[in-house]
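Encoded as structure tokens, the structure appears first; notes follow it.
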Amino acid sequence: MESVTQDYKFEGELLDIVTYPDSVLTTVATDVTEFNDELKTLCKNMLYTMYHAPGIGLAAPQIGLSKRIFVIDVDFSREEDEESDNVTYDDFNPRVFINPKFVEKNGETKYQEGCLSLPGIFEDVKRYESIVLEYQDTDGNTHTLDADGLLSICIQHENDHLDGIVFIDRLSNLKKSFFKKKLIKAKRK
Ligand code: NI
């Protein structure tokens with residue numbers, strides 16, 4: 001039985017996460033135009049998959065869907081009990097972003113990033129310190145969000161996925177080709 005369901009009563013379908021260099025990860029995603037139940041179910045399943053991974057963000061291209069959607073939770077905590085194999089989750093703050101657009105980008109920061117689609121790689125990436133983002137919710141309503149810190153970094157990382165950019169694209173050419181080769185090699189095994 002899935003511990004996620006057990007502990008949080010969070011229902012969903014576990015989606016397959018696509019790994020680099022799958023072409024969907026280097027494709028520019030298209031806008032969402034229909035705000036229906038199917039979209040709501042998709043977002044719920046994306047959140048479920050993200051919590052399960054576990055990860056703090058997941059973009060639609062990472063589950064093989066080239067649409068401008070990502071989900072984030074930078075607040076949840078996860079505790080693993082090695083003896084009982086039980087996982088407890090707390091402090092959920094799920095966020096869904098559809099058709100996001102940056103209104104402002106300010107300052108500079110650096111953070112060690114990782115990605116569910118690039119397993120085993122963690123590198124410092126330069127990002128904007130704070131952002132203002134306009135986005136839609138699953139009903140198609142538009143919102144504006146001011147974000148800084150980890151939320152801002154995570155939004156920039158996930159938004160890159162919608163533009164066909166993965167975080168190693170933000171590193172030097174030398175590092176990028178090193179990690180690219182490493183990932184291709186790991187995938188062949
Ligand atoms: Ni990622």
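Laboratory data are not the source of any read-out in this text; all were calculated from the coordinates shown. Every value quoted in this text rests on a predicted model; they were computed, and no experiment measured them. Cβ atoms come from the backbone with ideal geometry, glycine included; neighbour counts cover every protein chain shown.
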* Asked: How compact and how long is the stretch 88-189, expressed as Rg and Dmax of its alpha-carbon atoms in Å?
  -> 15.5, 45
* Let me see the pair-distance distribution of the stretch 3-188: every alpha carbon pair, 10 Å bin width, integer percents in order. => 9, 36, 37, 17, 2
* Structure fact -> Taking a straight Cα-to-Cα line shorter than 17 Å from K44, and setting aside same-chain lysines fewer than 8 residues away, one finds K9, K67
* **Low-density loop positions, GluC sites (Glu not before Pro), the stretch 10-53 - DSSP coil, at most 10 other Cβ in 10 Å** => E34
* To do: Stick to the Cα atoms of the stretch 1-113, pair each with every other, and give me the Kirkwood hydrodynamic radius in Å at one decimal.
  => 15.6 Å
* Taking the Cα centre of the stretch 3-188 as the origin, how large is its charge dipole in debye, to the nearest 20, when only Lys and Arg (+1) and Asp and Glu (-1) carry charge on their Cβ atoms? -> 1320 debye
* Specify which residue in the list L65, I153, H143 is farthest towards the positive end of the charge dipole of the stretch 37-189, using unit charges on the beta carbon of Lys, Arg (+1) and Asp, Glu (-1), about the Cα centre. => L65
* Using the Cα gyration tensor of the stretch 77-142, with a ≥ b ≥ c the square roots of its eigenvalues, what is the shape: rounded (a/c below 1.5), prolate (a/b larger than b/c) or oblate (neither)? -> oblate
* To do: At most 15 other Cβ atoms within 10 Å and a DSSP loop assignment: could you name the GluC sites (Glu not before Pro) in the stretch 59-100 that fit?
  => E82, E83
* Please give every one of the lysines within straight-line cross-link reach of K175, meaning a C-alpha to C-alpha distance under 23 Å, and leave out same-chain neighbours fewer than 8 residues apart. => K110, K126, K185, K187, K189
* Asked: When DSSP beta bridges are limited to those with both residues in the stretch 1-143, what percentage is antiparallel, rounded to the nearest 5?
  -> 95 percent
* Asked: What residue among N45, N86, N159 shows peak mean-square fluctuation when the chain is described by a Gaussian network model with Cα springs under 10 Å?
  -> N86
